[in-house]
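Data block below; observations after.
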Amino acid sequence: MRPPDLASPFDRVDAAVTSTLARIGVPVLRIGLGVIFLWFGVLKFVPDLSPAQELATQTISALTFGAVRPEVSLPVLAAWETAIGLGLISGWFLRGTLFLLAVQMLGTLMPLVLFPGETFLLFPFAPTLEGQYIIKNVVLIGAAMVVGATVRGGRLVADPRAAQTAAIVEAVEDERRERASGAG
């Protein structure tokens, strides 16, 4: 007597779970990213409430050669991050929101270069708490890239056959566009 085939029920459960994750993953990522930006942005509106306040204002001052003072830079940064958060949470103006996020992330990474004494105990191997706070932004950048990959209607696909078919169609379209642009 043959043992019952357990792979089939597990496959069905696995397919259902991965299909659900593919459907809700990007919106959850987008909204979660938005909550972080909204939260951290709002904190910067209240003096001395954000642990990143000093490093952020020092960075902006260094990048502007002292032209932008903390009493200006902090509220602007607070509004910038809050706008990013609201854009991500609402899903409105995603291209513009992601552009603001990309510029903000460039600024956020600058202390690693401008202030290595404050961001590393032993450069480049042992970051301080501030350095760790900055380095983790690589994850936020990756999350924003995933969200950005969907602004034209793209999405995650759980079914490997459908993903493979989509990849083939995309390759054919890319080849067609390349030939058309070469012929013009």
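Let's see how each residue does on (1) under 18 Å from Arg30 (Cβ atoms); (2) outside the structural domain of Val28 (by TED's automatic domain parsing); (3) surrounded by 15 or more Cβ atoms within 10 Å (Cβ to Cβ):
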{"position": "Ala56", "(1), (2), (3)": "no, no, yes"}
{"position": "Thr97", "(1), (2), (3)": "yes, no, yes"}
{"position": "Met110", "(1), (2), (3)": "no, no, yes"}
{"position": "Phe115", "(1), (2), (3)": "no, no, yes"}
{"position": "Phe123", "(1), (2), (3)": "no, no, no"}
Leading residue by the ranking (surrounded by the fewest Cβ atoms within 10 Å (Cβ to Cβ)) among those in segment 152-184 that are touching a residue at least 12 places away in the same chain (Cβ under 8 Å) and closer than 24 Å to Leu94 by Cβ | Arg155
Listed residues Ser50, Ser61; which is in a helix (DSSP H, G or I) and not aromatic (Phe, Trp, Tyr)?
-> Ser61
Working only within segment 23-59, note down all residues that are of a type in the set (Ser, Thr, Tyr) and at pLDDT below 95.
-> Ser50
Scope segment 4-19; condition more than 10 Å from Ala158 (Cβ to Cβ) and at pLDDT 80 or above; matching residues | Ser8, Pro9, Phe10, Asp11, Arg12, Val13
In this structure, does Leu86 turn out to be aliphatic (A, V, I, L, M), out of contact with any strand residue (DSSP E or B) (no Cβ under 8 Å at 6 or more places or on another chain) and closer than 24 Å to Val139 by Cβ?
-> yes
Kindly establish whether Arg12 is of a type in the set (Lys, Arg), farther than 17 Å from Ile84 by Cβ and more than 22 Å from the chain's Cα centre (by Cα).
-> yes
The condition of being modelled with pLDDT of 95 or more, assigned to a helix (DSSP H, G or I) and assigned by TED's automatic domain parsing to the domain that holds Ile24 holds, among Val68, Val72, only for Val72
Any idea how many residues of segment 49-64 are of a type outside the set (Val, Ile, Thr) and over 16 Å from Glu130 (Cα atoms)?
-> 3
What number of residues in segment 57-88 are without any contact (Cβ under 8 Å) to a residue 40 or more places away in the chain and either under 28 Å from Val151 (Cβ atoms) or under 21 Å from the mean Cα position of the chain (by Cα) (or both)?
-> 5
Enumeration of residues in segment 104-150 that are within 21 Å of Thr82 (Cβ to Cβ) and among the hydrophobic types (A, V, I, L, M, F, W, C) = Met105, Leu106, Leu109, Met110, Ile134, Val139, Leu140, Ile141, Ala143, Ala144, Val147
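The values are calculated or read from the model by the stated rules, or taken from the named source; none is laboratory data. All of these numbers come straight from a predicted model, not from anything done at the bench. Ideal geometry is used to build each Cβ from the backbone, glycine not excepted, and the neighbour counts take in all protein chains shown.
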